[in-house]
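The structure appears below as structure tokens.
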Amino acid sequence: MLKYVTAKIKSNEKIASGIYRMELYCPDADLEHFIPGQFAHVKVPDHPELLLGRPISLNAVDAKKQTAVIIYQIKGKGTTALSKVNEGTVVESVIPVGRGFNLKVSDKTVFLVGGGVGIAPLLTVIKKWPDRHYEAFLGYRGEEFAYCHNDFGACEAINIASDDGTIGIKGLVTAPIEQRLKELVPDVVLSCGPPPMLRALKALLEPLGVEAQVSMEQRMGCGFGACATCVCGVRGEDGLDYKKVCVEGPVFDLYEVAL
């Protein structure tokens, strides 16, 4: 059953423009059963007016050390307040939450595609399933917004693109993917990022019939599936259905999600 547990902040630091990395010591969380793509739903401490938790990507999980790393972007009052929380502060969090990525035994070649803060959860995939051929495609607004790109060393190739060309090639991250698909078609693509990136990715992959999974970035309320604030449209047999990203996602089939 999902429930809030207490966690102590070990560190909380800025790693790029508007991007923060927080390490949590959370011995009461069920980290043993963590699946890449799951997230944390974190309450902002010392702000009783901020009633709802914030959904934040899990960037690293160490069940033995009972620690988890979350990476978040400042977008509003809640994440701004979270960025100012000091080491040693206790926070409440539901961790881990949701349905994660899935790799079959036959999925030997994997493309990891991330944009912006959506890059954060992809690193956990490599740690969970290290015996695969990975290629990373990472998109940033610019060099000052870049983070974690040096952590993808286990990949056979790292392709970086940015809006302004200050890191990697200038343009959309789908440009190097389109070029690579002419040489190699992966068994599966795992992705997370803004809707325009996902729409472009879908347009590239669907004609080739490549299996693809997406971790949806969505605003949330309760984090337990009760409030239905985070629903997203998913194609069903009789038209468009709606599923709760917090518990029925955040990972979905890329071709089923209405983007």
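Side notes on the structure shown:
- Selected residue (criterion: surrounded by the most Cβ atoms within 10 Å (Cβ to Cβ)) from residues of segment 196-212 that are in contact with a strand residue (DSSP E or B) (Cβ under 7 Å, 6 or more places away or on another chain) and not in a helix (DSSP H, G or I): Ala212
- Count of segment 155-184 residues, restricted to those that are within 21 Å of Ser215 (Cα to Cα) and part of a loop (DSSP other than H, G, I, E, B), is 3.
- Flag for Ile9 being under 16 Å from Thr124 (Cα atoms), surrounded by 14 or more Cβ atoms within 10 Å (Cβ to Cβ) and not assigned by TED's automatic domain parsing to the domain that holds Thr166: no
- Tally of residues being assigned to a strand (DSSP E or B), within 18 Å of Ala161 (Cα to Cα) and touching a Ser or Thr at 6+ places or on another chain (Cβ under 6 Å) across segment 128-142: 1
- Residue within segment 55-62 that is part of a loop (DSSP other than H, G, I, E, B) and outside the structural domain of Gly193 (by TED's automatic domain parsing) present: no
- Conditions (1) under 17 Å from the mean Cα position of the chain (by Cα); (2) over 19 Å from Gly98 (Cβ atoms); (3) surrounded by 16 or more Cβ atoms within 10 Å (Cβ to Cβ); (4) of a type outside the set (S, T, N, Q); number of the one not met by Val44: (1)
- Unique residue being at pLDDT 95 or above and touching a strand residue (DSSP E or B) at 6+ places or on another chain (Cβ under 7 Å) when the list is Ala40, Ala63, Ala16, Ala68: Ala68
- Given (1) surrounded by fewer than 22 Cβ atoms within 10 Å (Cβ to Cβ); (2) farther than 24 Å from Met197 by Cβ; (3) hydrophobic (A, V, I, L, M, F, W, C), number of the condition Val91 does not satisfy: (1)
- Positions within segment 102-141 being among the acidic types (Asp, Glu) and without any contact (Cβ under 8 Å) to a residue 40 or more places away in the chain, in sequence order: Asp131
- Criterion: closer than 22 Å to Pro196 by Cβ and either not small (Gly, Ala, Ser) or not in a strand (DSSP E or B) (or both) - qualifying residue of Val125, Val105, Val113: Val113
- Single residue of segment 74-100 satisfying the filter (part of a helix (DSSP H, G or I) and among the polar types (S, T, N, Q)) that is nearest to the chain's Cα centre (by Cα): Thr79
The values are calculated or read from the model by the stated rules, or taken from the named source; none is laboratory data. Note that this is a predicted model, so its numbers are computed, not measured. Cβ atoms come from the backbone with ideal geometry, glycine included; neighbour counts cover every protein chain shown.
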